[in-house]
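The values are calculated or read from the model by the stated rules, or taken from the named source; none is laboratory data. The shown structure was predicted, so the numbers you read here are calculated from the model rather than taken from an experiment. No Cβ is skipped: glycine too gets one built from the backbone with ideal geometry, and neighbour counts run over all protein chains shown.
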Amino acid sequence: MYLKKHQTRSLALFCKVVDNYGDIGICWRLAKQLQQEHDIAVTLWVDDLASFKRICPEVAVDCDLQEIADVLVRHWQNQDAIFTASDVADIVIEFFACDIPPAYIVAMAECTPRPVWLNLEGLTAEEWVEGCHTLPSPHPTMSLTKYFFFPGFNNKTGGLLIESALEQQRQEFQSDHAAMYAFLAQFGVTSIEMASTKVSLFCYPQAPIASLFEAWQDSTAAITCLVPEGVATDAVELFLGQSPVAGAMARHGSLTVRVLPFIPQPDYDKLLWSCDLNFVRGEDSFVRAQWAAKPFIWHIYPQDENLHHKKLNAFLECHTATTENSTALSLGWNAAAKENINWQRTWSAFQSEMPQITLMCINWQRQMMENGDLASNLITFCDTFR
Ligand code: TRH
């Protein structure tokens, strides 16, 4: 395992990109943070460099081994690759129960002492997670134990990913109106739009975007919707009357829609910080919206048999920054409402509550920070084996 001179510990993080950008988005944040804040030599094994490049333009898609931000990035292509005990890191993390190469597992069993082996699970607010967090799972045939590690919303879980400098960066950025304006102006946002209700829109294609756009067009206050290229393309194209490429824009009634390029991960944070309301999805943008301390509506990743509705309701129950109208919007956005939602009426009520919800979001964000950050909680757990 490759260690820099001063480093005493190594960690291998295995990431399979199941879909979209969240898998690599989360793993990339975690890898960087462990390297930078815990001084651990991190190797990130990832099977899809093209998805990685979308959120991190420094990635070379044709390179099997590269160093980015001091993290060793390896293209994980071959499940049958050969490994020996000397290749094994002190801490091994598989993300979302991805199957790490069998030879790596055999090599782990040959190590003395054994590495700490974790399965980093997906985020859910469901209560059962508290009972499963850090549970051991002995290997059926080898003398090896894997431990479950769950992110979550309270101190009975691993908490949420947050870099130590993020909060200060956010506060500085949000208190600097000129910086926010300069950031949004690069996407064509005008000073008049700057004074409108600014909304970022990141969702899955099945969201009822057309209904929301209609409500926004009829809104009494101006709304500027910033949507990354490739998101909600059909509805956005219909609204624009042209191809939804980066730079395209149109205004109908109170609503201006602007298509943004898909931006690098640190800029996506700035987008969330700059907007008054964020529509986010999946896991990573959902967490980042909470750190932005602004109101957000979550489009949860759809699962078979509407399993995701259970997860959505579990979150809405624990999230303290909700009102009747924000809950109605969330349920309607996820097709989880028992009755049809009147988008115009609900939006208008929600919009007038936004200042109050923003204060509630600031409190929620503080509450989440009290749980500690996921990377530190994970290392503290690993330290118990030392
Ligand atoms: O992209 P997602 O839908 O990803 C995931 C995965 O699909 C995964 O398989 C699934 O398990 C999970 O959802 C629940 O949504 P997410 O998690 O929000 O990830 C998006 C990432 O893309 C996040 O790191 C932020 C980043 N991003 C940018 O860097 N630039 C952008 O312009 C945008 C819109 C996002």
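Report every pair of residues separated by at least 6 positions or lying on different chains whose Cβ atoms are under 6 Å apart, first residue within the stretch 104-127 and within 16 Å of the ligand (Cβ to nearest atom), second of a type outside the set (A, V, I, L, M, F, W, C) and part of a loop (DSSP other than H, G, I, E, B).
Hits for this filter: 123/151; 123/283.
Which of the residues spanning the stretch 297-323 are without any contact (Cβ under 8 Å) to a residue 12 or more places away in the chain and part of a helix (DSSP H, G or I)?
If the condition is that a residue be without any contact (Cβ under 8 Å) to a residue 12 or more places away in the chain and part of a helix (DSSP H, G or I), then 304, 305, 307 are the ones that fit.
Mind listing whichever residues of the stretch 349-386 are without any contact (Cβ under 8 Å) to a residue 40 or more places away in the chain, in a helix (DSSP H, G or I) and polar (S, T, N, Q)?
Selection gives 352, 356, 380.
Is it the case that some residue within the stretch 216-224 is among the β-branched types (Val, Ile, Thr) and in contact (Cβ under 8 Å) with a residue 60 or more places away in the chain?
Yes: one or more hits.
Being among the aliphatic types (A, V, I, L, M) and surrounded by 13 or more Cβ atoms within 10 Å (Cβ to Cβ) is the filter here, so list the residues in the stretch 109-154 that pass it.
Scanning the stretch 109-154 gives 109, 116, 118, 120, 123, 125, 129, 142, 144.
Do we find a residue being of a type in the set (S, T, N, Q), buried (at least 16 other Cβ atoms within 10 Å of the Cβ) and part of a helix (DSSP H, G or I) anywhere in the stretch 1-20?
No, the stretch 1-20 contains no residue that is of a type in the set (S, T, N, Q), buried (at least 16 other Cβ atoms within 10 Å of the Cβ) and part of a helix (DSSP H, G or I).
Looking at residue 336 and the list (1) more than 27 Å from residue 214 (Cβ to Cβ); (2) over 20 Å from the mean Cα position of the chain (by Cα), which single condition is not satisfied?
Single failed check for residue 336: (1).
Between a first residue in the stretch 190-215 that is among the charged types (D, E, K, R) and a second residue that is away from the ligand (no atom under 16 Å from the Cβ), which pairs have beta carbons less than 7 Å apart while being 6 or more apart in sequence or on different chains?
As it stands, the answer is 193/224; 193/256; 198/224; 198/276; 214/343, since those pairs meet every condition given.
Can you work out which of the residues in the stretch 46-58 that are touching a strand residue (DSSP E or B) at 6+ places or on another chain (Cβ under 8 Å) and closer than 21 Å to residue 163 by Cα is nearest to the ligand (Cβ to nearest atom)?
Among those residues, the one meeting the criterion is 56.
Right, residue 304: over 12 Å from residue 202 (Cα atoms), touching a helix residue (DSSP H, G or I) at 6+ places or on another chain (Cβ under 9 Å), more than 12 Å from the ligand (Cβ to nearest atom) and among the acidic types (Asp, Glu) or not?
Considered against the rule, which asks whether it is over 12 Å from residue 202 (Cα atoms), touching a helix residue (DSSP H, G or I) at 6+ places or on another chain (Cβ under 9 Å), more than 12 Å from the ligand (Cβ to nearest atom) and among the acidic types (Asp, Glu), residue 304 comes out as no.
Here's the yes/no breakdown for (1) away from the ligand (no atom under 16 Å from the Cβ); (2) out of contact with any helix residue (DSSP H, G or I) (no Cβ under 9 Å at 6 or more places or on another chain); (3) at pLDDT 95 or above:
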site: 246; (1), (2), (3): no, yes, yes
site: 257; (1), (2), (3): no, no, yes
site: 260; (1), (2), (3): no, no, yes
site: 276; (1), (2), (3): yes, no, yes
site: 300; (1), (2), (3): no, no, yes
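Each row is one residue, and each column tells you yes or no for (1) at pLDDT 95 or above; (2) surrounded by 21 or more Cβ atoms within 10 Å (Cβ to Cβ); (3) not assigned by TED's automatic domain parsing to the domain that holds residue 330.
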{"residue": "156", "(1), (2), (3)": "yes, no, yes"}
{"residue": "175", "(1), (2), (3)": "yes, no, no"}
{"residue": "210", "(1), (2), (3)": "yes, no, no"}
{"residue": "213", "(1), (2), (3)": "yes, yes, no"}
{"residue": "235", "(1), (2), (3)": "yes, yes, no"}
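Of the residues that sit in the stretch 262-274 and are within 13 Å of the ligand (Cβ to nearest atom) and among the aromatic types (Phe, Trp, Tyr), which one is surrounded by the most Cβ atoms within 10 Å (Cβ to Cβ)?
Out of the qualifying residues, it is 268.
Could you say whether any residue in the stretch 277-296 is surrounded by fewer than 16 Cβ atoms within 10 Å (Cβ to Cβ) and either in contact with a Pro (Cβ under 6 Å, 6 or more places away or on another chain) or in a helix (DSSP H, G or I) (or both)?
No, there is no match, as no residue in the stretch 277-296 is surrounded by fewer than 16 Cβ atoms within 10 Å (Cβ to Cβ) and either in contact with a Pro (Cβ under 6 Å, 6 or more places away or on another chain) or in a helix (DSSP H, G or I) (or both).
I'm trying to understand the selection: among the residues of the stretch 122-178, which are closer than 29 Å to residue 267 by Cβ and more than 21 Å from the chain's Cα centre (by Cα)?
Listed by number, the residues that qualify are 172, 175, 176, 177, 178.
Out of the residues in the stretch 36-69 meeting the condition of being acidic (Asp, Glu) and modelled with pLDDT of 95 or more, tell me which one is nearest to residue 264 (Cα to Cα).
Going through the qualifying residues, I end up with 58.
Of everything in the stretch 278-298 that's among the polar types (S, T, N, Q) and closer than 27 Å to residue 250 by Cα, which residue is nearest to the ligand (Cβ to nearest atom)?
285
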